[in-house]
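Take a look at the structure set out below.
The values are calculated or read from the model by the stated rules, or taken from the named source; none is laboratory data. Keep in mind it's a predicted model, so treat the numbers as computed, not measured. No Cβ is skipped: glycine too gets one built from the backbone with ideal geometry, and neighbour counts run over all protein chains shown. Remember, those area values only see protein heavy atoms, side chains included, never the ligands or the DNA or RNA. Shrake-Rupley method; radii C 1.70, N 1.55, O 1.52, S 1.80 Å.
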Amino acid sequence: ADQIEEGFDLMISSGDLPDLIEHSFLGETIGYKGGPSRAMQDNIIIDVTDLINTKAPNLKKVLEEHPDWDRLVKTDEGRYYCFPALRGDASLAFWTGLQMRTDYLQKVNMEAPETIDEWETVLTAFRDQLGLPYPLTFPNASFSLVNHFVGAFGVTVDFYLENDTVKYGPLEPGYLDFLKLFQRWMEQGLLDPDFATHDTKIFEAKIASGEAGAYQNSVGGGMGKYLATTKKNNPEADITAVKFPVLQKGDKVKFGYYTYDYTPHQSVSITTACEDLDAAARFLDYGYSEEGKMYYNFGEEGVSYKMVNGYPAYTEEVTNNPDGLDMNQGIVKYSRANLLGPMIQDSRYFEQYMVNPQQKEAPEIWKLDDTSWCMPPITLTEEESKIVASRLTEITKYVREMEIKFIMGVEPFSNYDAFCSRIRNMGIDEVLAAHQAALVRFNNR
């Protein structure tokens, strides 16, 4: 996964293009520098506006019926550059969050925590009463802190909106409060000291062994898998989803994990190397037809699913695979439901993927009432892209490195002002200005 961008850049620079590319072209620290408009100007991908209007009746109808989606998948100039990956229901946007061992909560006679203070009380009980070596852990450093706790302090770890103004969380006061909290939890033995260097195998071993009390992960490939692996070691083991914490009891959760219905990385663009545009358009348009939506989400009728009272129910080939595949692998073998692509993701796949009642209730627990803070899929001009590309990669790398150093206690908080000053000197204000300008254009689409 860490070589995807390198591979993409090498493919683009070589000029040896396939007919179709499934990847984001939005172009900040990832994708195509200059965004989709520049990629079309540079003859990498083609403008598919006319193609969608004349050769893709299914997608055209979908976009006409969903103007909110239509706005997301265009350039600022109103041109289409891809066949988009779309989530067909709001529930599909809330697929990851905080999870906790329910049986451990019962042993310490406590309820699922809602505030930061309650979290500290629970984690302390996990440490002192149960002797857990890792009361709280995360799968890795790069994804671990995405708004799960920092949101309680009124900021995110990245860019967010406040009254249509773009802000950068690490420069806001609440971010320092978050770092101080995690540094204290690290010092007190409440936070796993090795989370920043985890690989999947080590992280999952801590969950399966029962050494961890709470963690962050997905509801499908995470909670579903861990409910099974923890019960192998302890039949009484149980896991529940937990709300993103707030500071004061009764406060509404402001930030969490959320993604727009349009997901650029799984969308498909047609390149200038494609010689049969009609065939490409027909192929890609299939995913938005009624037949295509069923096939992409559920696979082959009679093999991977069957219709039961009008409902596409996965067969045991998926739910209880004879070759020992777990359900995630079973779905992937026959469909693109949990990977997305040029299609509309169907919530009925998700309903069945959530086999356990704990999984079924998780998206509702993680659901956010207000997502107006979330940055939309803006597109940058060539000049803006140059500014962002030349600054943001290094800024992000520096912030993530310093974040860990502050939490580990390696970097004293007396250096925090210098940390913020360096971010400014590295050009974050110019990056913010570029994002703000792009946001204005997006709002005017």
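Report, in deg cm²/dmol and to the nearest 500, the calculated mean residue ellipticity at 222 nm for the chain, where each DSSP H run with n ≥ 4 adds -39500 (n - 2.57) and the sum is divided by the residue count.
Result for the chain: -13000 deg cm²/dmol, rounded to the nearest 500.
Over the chain, with every protein chain in place, what whole percent of the accessible area is carbon and sulfur at 1.4 Å, could you tell me?
Within the chain, the accessible surface is 48 percent carbon and sulfur.
Could you give the Stokes-Einstein D for the stretch 245-348 in µm² per second, using the C-alpha Kirkwood radius, 20 °C, 1.002 mPa s?
Here the translational diffusion coefficient equals 131 µm²/s.
What's the percent breakdown of Cα-Cα distances in the stretch 28-135 across 5 Å bins, shortest bin first?
2, 9, 14, 13, 9, 8, 5, 5, 7, 10, 10, 6, 2, 0
FRET efficiency for Thr165 and Ala418, Cβ-Cβ distance as r, R0 = 25 Å, nearest 0.05?
E between Thr165 and Ala418, to the nearest 0.05, is 0.45.
Tell me, in nm to one decimal, what length is gained between Asp128 and Lys333 on full extension, where the rule is 0.36 nm per residue of separation less the Cα-Cα distance?
On the way: separation 205, 0.36 × 205 = 73.80 nm, distance 4.45 nm.
My answer for the length gained is 69.3 nm.
Report the gain in length on full extension from Asp370 to Glu383: 0.36 nm times residue separation, minus Cα-Cα distance, nm rounded to one decimal.
Length gained between Asp370 and Glu383: 1.4 nm.
In this model, which of Lys167/Lys225; Lys33/Lys55; Lys33/Lys225; Lys33/Lys60; Lys107/Lys397; Lys107/Lys306 are farther than 31 Å apart at the alpha-carbon?
Distance filter (> 31 Å) returns Lys167/Lys225; Lys33/Lys225; Lys107/Lys397; Lys107/Lys306.
Taking the alpha-carbon set of the stretch 233-291, what are its Rg and Dmax in Å?
22.4, 61
Full-extension gain between Asp89 and Glu77, please, as 0.36 nm times their residue separation minus the C-alpha to C-alpha distance.
Going from the current span to full extension adds 1.6 nm.
In whole Hz, what ³J(HN,Hα) sequence does the stretch 65-70 give by Karplus (6.51, -1.76, 1.60; θ = phi - 60°), x for Gly and Pro?
Once rounded to whole Hz, the list reads 7, 10, x, 5, 5, 4.
If you find the alpha carbon centre of the stretch 80-127 and of the stretch 217-283, how far apart are they in angstrom?
13 Å
Using 1/(1 + (r/R0)^6) with R0 = 35 angstrom and r between the beta carbons of Val355 and Asp194, what's the FRET efficiency to the nearest 0.05?
Plugging the Cβ-Cβ distance into 1/(1 + (r/R0)^6) gives 0.70.
Starting from the residue with the highest accessible area, list Val155, Val303 in decreasing order, probe 1.4 Å.
Numbers: Val155 5, Val303 55 Å².
Greatest to least solvent exposure: Val303, Val155.
So how exposed is Glu64, as accessible area in Å² (1.4 Å probe, rounded to 10)?
Here the accessible area works out near 130 Å².
Excluding residues fewer than 8 places away in the same chain, name every one of the lysines whose C-alpha is closer than 18 Å to that of Lys243.
Lys252, Lys254, Lys360, Lys367
Considering only Phe255, Thr197, Trp185, whose Cα is most displaced toward the positive end of the charge dipole of the stretch 171-257, charges sitting on Cβ of Lys, Arg (+1) and Asp, Glu (-1)?
The residue sitting most towards the positive pole is Phe255.
Could you tell me which of Gly15, Trp69, Met40 has its Cα farthest along the dipole of the stretch 1-93 towards the positive end, charges placed at Cβ (Lys, Arg +1; Asp, Glu -1), taken about the Cα centre?
Result: Trp69.
Using the Karplus equation 6.51 cos²θ - 1.76 cosθ + 1.60 (θ = phi - 60°), what ³J(HN,Hα) coupling, rounded to whole Hz, does each residue of the stretch 243-249 give in order, writing x for Gly and Pro?
These are the phi-based 3J(HN,Hα) values: 4, 5, x, 10, 7, 10, 4 Hz.
If one puts a single equal scatterer on every Cα of the stretch 100-171 and applies the Debye formula without solvent, what log₁₀ I(q)/I(0) results at q = 0.21, 0.22, 0.25, 0.27 Å⁻¹?
Values, matching the q order: -0.94, -0.98, -1.12, -1.21.
What's the percent breakdown of Cα-Cα distances in the chain across 20 Å bins, shortest bin first?
Computed distribution, short to long bins: 23, 55, 22, 0.
Just the number please: accessible area per residue for the chain, 1.4 Å probe, all protein chains included, in Å².
Accessible surface, normalised per residue, equals 44 Å².
Which ³J(HN,Hα) values, rounded to whole Hz and listed in residue order, are derived for the stretch 202-219 from phi using the Karplus coefficients 6.51, -1.76 and 1.60 in 6.51 cos²θ - 1.76 cosθ + 1.60 with θ = phi - 60°, glycine and proline given as x?
5, 4, 5, 5, 5, 5, 4, 6, x, 6, 9, x, 8, 6, 10, 5, 6, 8
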